[in-house]
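The values are calculated or read from the model by the stated rules, or taken from the named source; none is laboratory data. Predicted, not measured: the structure shown is a model, and the values here were computed from it. Note: ideal-geometry Cβ built from the backbone for every residue, glycine included; neighbour counts use all protein chains shown. Surface accessibility is based on the protein's heavy atoms, side chains included, excluding ligands, DNA and RNA. Shrake-Rupley method; radii C 1.70, N 1.55, O 1.52, S 1.80 Å.
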Amino acid sequence: MEQIPRHTIPMTRAHAKFYAAYVIAAVEYLHSQNVAFRDLKSENLLLDRRGYLKVIDFGLCKQLPPRERAYTCCGTPEYLSPEALSHEGHSYAADWWSLGCILYELVVGITPFM
C-alpha cells in the first residue's frame, strides 16, 4: 500500500516570514543557552488564540557546549540535516537546516524531500 504524502495549505510569504521570525527567536535563545533543539518540525509549532507561535516538545533538546558535536541520530527524518543523517556529528547548524525545511513546507505545502 502506497503512503499518501501529507500536504498543508501553503501560506503567503509574508505569513511565513512572520512565523519564521518566532522560530528564529526561539532557536537563537536556545543556542545562546547552549541548547540544541534537535527536533524542530512543523508539528512542534503551535499557534495560540491570537495567532502567535509557540515552540513545544523539548524532549530531544541537548545541552551542547560551543564547538562540540552530538552523535545521536534523533528527530524526524524529513527535517534532519545531512550531518545528522550520516552520523558525522551535528551541532546547532542542524536546527537551522530544520528551519529551512519548515519554511519550505510553509510556502510550498509539503516538506522539501517528499
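For Lys41, the aspartates and glutamates whose Cα falls under 12 Å of its own Cα, not counting residues fewer than eight places away in the same chain, are Asp57, Glu78, Asp95, Glu105.
Rounded to the nearest 20, the Cβ-based charge dipole of the chain about its Cα centre (Lys and Arg +1, Asp and Glu -1) stands at 380 debye.
Based on protein heavy atoms only, segment 4-114 ends up with 61 Å² per residue of surface accessible to a 1.4 Å probe. Taking Gly75, Gly59, Gly89 as the candidate residues, the one with maximal mean-square fluctuation in a Gaussian network model of the chain, Cα springs under 10 Å, is Gly59. Given the choices (i) -0.36, -1.10, -1.19; (ii) -0.41, -1.18, -1.24; (iii) -0.38, -1.27, -1.39, log10 I(q)/I(0) by the Debye sum over Cα atoms at q = 0.11, 0.20, 0.21 Å⁻¹ derived from the coordinates of this structure is entry (i). The H on the amide N of Thr111, modeled in the peptide plane, is under 5 Å from the matching H of no residue at least 5 residues off or on a different chain. The simple spin-label model puts a point 7 Å past each Cα toward its Cβ; for Asp57 and Ala25 those points are separated by 2.3 nm.
Are there chymotrypsin sites (Phe, Trp or Tyr not before Pro) in segment 5-114 that DSSP marks as loop and that have at most 10 other Cβ atoms within 10 Å, and which are they? Don't jump to the answer; show the numbers that get you there.
Details: sites: Phe18, Tyr19, Tyr22, Tyr29, Phe37, Tyr52, Phe58, Tyr71, Tyr79, Tyr92, Trp96, Trp97, Tyr104, Phe113; in loops: Phe37, Tyr52, Phe58, Tyr71, Tyr92, Phe113.
Listed in order of number, the matching sites are Tyr71, Phe113.
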